[in-house]
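Just so it is clear, none of the values below were taken in a lab; they were calculated from the coordinates. Note that the structure is predicted; figures quoted are calculated from it, not measured. All Cβ positions, glycine included, derive from the backbone under ideal geometry; neighbour counts span all protein chains shown.
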């Protein structure tokens, strides 16, 4: 009799799971999708209460959750959890400085060597601090060369224009052992009566030629109306800016990668300017190389902790930071120059080690800026549920944008009650508009949520996605 009841109970649970798996999306979500002509077949959704074992809990909502889809930047969640689990929240990167030759007073009769250590967050102020440390070691005049040692990783053949044809976009910056300030140039645009003024906010020698016409109308897609072209010669960066600029835009800040400068050329140009500002002298050349065995260590600079790096990375969806975090997993596992393919394989092995089916999971660079990366909403949801029960849950969750409050989700769902009650990582490419994270429902229960939209009109689904988050808040 007990066995019979167990079978009946199992069958009921199974039927309930199937029913929920096949259920229709919430009516408000369906209506929003209809308005922007996106079929429900373009969605994959997975919603489940956290904490309980995933295999023992029926999802609150599961819609085509087993389909391997393009994740866009939600893939950063996989890279982030893998890094926290394998490296630990307190992991740091080290940038080292060496010298050759003799130090006579404050004059170095030799080369200065900057050895990159893969720091994803070596921002301008940290690089300036590193140079201050060098000056504090008594070096003012450098008679030799500036050597960049990038042996921390295997430098790939990277084309910043490959993904979408615009190599000046910061999201297209490639990884480097010594990545400084994300390899970007920060500008301010001021529409003065006579001509558009371009102000350089970065400590780089920059000459500008501006041939921009003023336009009327609303300030829409202003970046697409400007064409920046960079050249580099004699340690001088030249920007030629053409196109049009709506007067209604007013003042704008603009970050650009000064392509086709290499990372090494960018670091060299930055070093020259900052070294001079610090009272130093350097007239040598920039060269690539490695640290000689007989070199003397001058100083080192440690990065922020991994947990802090992930907050910067995920709140603002920084692709090149994510690439370096992924590469670090291979570097630490093999103690060899970091390799992108091995790093992706390392994460797939780690994913499977969590006891989850990795079938269909594909990683390329771990950032989601890829057309080949794939993961299903079910896999993403299961991983997030596993992360919630882990010791690094606080670090992972705090790295995510808060809905309607900060980061890439600051302007989403601001007038809905769910705002402020969800930690959500968004992800967008052309034809892809996704999110994944955690929602704290009005009931006090917390839910994992994953919503992938892969469709030509995906960018129009903000309202549908916000309504899904509100539905979870109301019904969870």
Please compute the modelled spin-label separation between residue 240 and residue 456, points set 7 Å along Cα→Cβ, answer in nm with one decimal. 3.6 nm
Any chance you could list P(r) for region 192-279, counting all Cα-Cα pairs in 5 angstrom bins from zero, rounded to whole %? 3, 12, 23, 22, 15, 12, 8, 4, 1, 0
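Could you tell me the relative contact order of the chain? Use alpha-carbon pairs under 8 Å, at least six residues apart, and round to a whole percent.
Contact order relative to length: 23 percent.
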Summing -39500 (n - 2.57) over every DSSP H run of at least 4 in the chain, dividing by its residue total and rounding to the nearest 500, the 222 nm mean residue ellipticity is -9500 deg cm²/dmol
Note the angle between two axes, namely the Cα long axis of helix 377-388 and the longest principal axis of the Cα atoms of the chain, as a number of degrees from 0 to 90, rounded to the nearest 10. 80 degrees
Here are a few candidate values for percent of Cα pairs over 42 Å apart: [x] 42; [y] 26; [z] 10. Which one was actually calculated from the structure I just gave you? [y]
With no solvent term and unit scatterers on the alpha-carbon positions of region 24-126, Debye gives log₁₀ I(q)/I(0) at q = 0.10, 0.24 Å⁻¹ of -0.60, -1.36
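Which of 353, 244, 73 has the fewest other C-beta atoms within 10 Å, and how do the rest follow up to the most?
On the way: 353 11, 244 14, 73 25.
Listing 353, 244, 73 from fewest to most nearby Cβ atoms yields 353, 244, 73.
Nearest 0.05, what FRET efficiency do residue 342 and residue 288 give at R0 = 22 Å with Cβ-Cβ as r?
0.45
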Counting alpha carbon pairs within less than 8 Å and at least 6 residues apart, what relative contact order, in whole percent, applies to region 185-256? 40 percent
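Relative contact order for region 112-175: what is it in percent, counting Cα pairs under 8 Å that are at least 6 residues apart?
Value for region 112-175: 40 percent.
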Counting only DSSP beta bridges with both residues in region 185-256, what percent are antiparallel, rounded to the nearest 5? 65 percent
Listed peptides 75-85, 60-70, 437-447, 294-304 by packing density, highest first (mean Cβ within 10 Å): 75-85, 60-70, 437-447, 294-304
Where does each of 143, 371, 311 land when they are ranked from fewest to most other beta-carbon atoms within 10 angstrom? 371, 143, 311
Which angle between 0 and 90 degrees, to the nearest 10, do you get for helix 462-475 versus the longest principal axis of the chain when only C-alpha atoms count? 50 degrees
Protection-proxy order for peptides 196-202, 383-389, each taking the mean of Cβ atoms within 10 Å per residue, highest first: 383-389, 196-202
Helix 263-277 sits at what angle to the longest principal axis of the chain, using alpha carbons and giving 0 to 90 degrees rounded to 10? 60 degrees
Taking 249, 219, 451 and counting other C-beta atoms within 10 Å, the order from fewest to most: 219, 249, 451
Can you tell me what share of the DSSP beta bridges in the chain is antiparallel? A percent to the nearest 5 is fine. 70 percent
